[in-house]
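Worksheet: one structure, shown below.
The values are calculated or read from the model by the stated rules, or taken from the named source; none is laboratory data. Bear in mind the structure is a predicted one, so any value in this text is a computation, not a measurement. Positions of Cβ are generated from backbone atoms using ideal geometry, with glycine treated the same way; all protein chains shown enter the neighbour counts.
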Amino acid sequence: MTKNSYFPLNILLRARRIAILLSFCAAVLPITIAAFAITNSTTIYFYSSESTINNFKSLKMEFDRYLNNYGPYEFQPFSDRETFEEQVKKRGQCVLLLSSWHYNKIYKDYGLKAILVGTRNGKKYEERILVASDETVKVGSIASASSIQHTDSCLQTMLKDKSTVDITNILTVPKDIDALMSVGFGMSKFALTTRNTFNDLKSANPMLYQKLKIMAKGEESLLLVVAVPEAFMQNAQEIVRIIQNMAADPNGKEKLRMLELDGWQKLDSSDWLKLEAK
């Protein structure tokens, strides 16, 4: 056999090596791209200690659909504080939506910086109040849409000079308006709610509004805030801008209503004093 007779075999072997290499690239490249996309995606973590969310599936679907129009962003709501904080610890490439009360508790430990504050009816502050149907009631259950921890914190502030009032247990309800209705239906003696919600009751149910009395008042606090880990601040500018502009887009404004907000504002110096007060 001459040397030239081996030529086709050499070509065949080279072609086979190329085919194997191409097959390998075809198999590995999508995985590599997917892994790169996951690594470079940003998740918006949401947990509110001041409301009980019961529509997590629709909340996530609607926000994911909206955010996907702008880039590799994902929205992840949480039902409990512990799981929320565990995820924040694991992943620094994230943006947080949380209550101003919760932010004050963890911002130092987690190296967070608040950027935006939500607005409701154009206002960024709200006042929590304790109401009852009978001014003489001193003992009974309380209905609240806030977490147990946040409810306890509010009551300690409100009742420090009213030691005769004894809250025996907490009834968790979905929304602030539900807390007021619970008192109206006799399911609880007290309701922890916001002044805005109480004022809205005047037109929604004037008879119940006339019946309820304010027993105690809390300090004004900021609404939901948008915060970012300081190490991720530089890379988070685009997603923060997208969140801030939601109110300018009818579709975005519709999503904000799911959080009971109508817009976002930047924080000013007076906000910082309240937000990071000891």
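Within the stretch 80-87, is even one residue loosely packed, with under 12 Cβ neighbours inside 10 Å, touching a strand residue (DSSP E or B) at 6+ places or on another chain (Cβ under 8 Å) and not in a helix (DSSP H, G or I)? Among the residues of the stretch 80-87, at least one is loosely packed, with under 12 Cβ neighbours inside 10 Å, touching a strand residue (DSSP E or B) at 6+ places or on another chain (Cβ under 8 Å) and not in a helix (DSSP H, G or I), which makes the answer yes. Only one entry in Leu180, Leu192, Leu261, Leu273 is under 19 Å from the mean Cα position of the chain (by Cα) and within 24 Å of His102 (Cβ to Cβ), namely Leu261. With the structure loaded, tell me whether Met187 is outside any strand (DSSP E or B), over 25 Å from the mean Cα position of the chain (by Cα) and assigned by TED's automatic domain parsing to the domain that holds Asp166 or whether it fails that test. Yes, satisfied.
Scanning the stretch 39-49 finds one or more residues that are surrounded by fewer than 21 Cβ atoms within 10 Å (Cβ to Cβ), in a helix (DSSP H, G or I) and modelled with pLDDT under 95. Residues in the stretch 218-253 that are assigned to a strand (DSSP E or B) and under 17 Å from the mean Cα position of the chain (by Cα): Ser221, Leu222, Val225, Val226, Ala227, Val228, Pro229.
Within the stretch 164-184, the residues that satisfy the criterion of being outside any strand (DSSP E or B), free of Cβ contacts under 8 Å to residues at least 60 places away in the same chain and β-branched (Val, Ile, Thr) are Thr164, Val165, Ile177, Val183. Taking the conditions (1) touching a residue at least 60 places away in the same chain (Cβ under 8 Å); (2) in a helix (DSSP H, G or I) in turn, Met215 satisfies each one other than (2). Reported count of residues in the stretch 105-163, each being over 30 Å from Pro229 (Cβ atoms), surrounded by fewer than 17 Cβ atoms within 10 Å (Cβ to Cβ), β-branched (Val, Ile, Thr) and touching a residue at least 40 places away in the same chain (Cβ under 8 Å), is 2.
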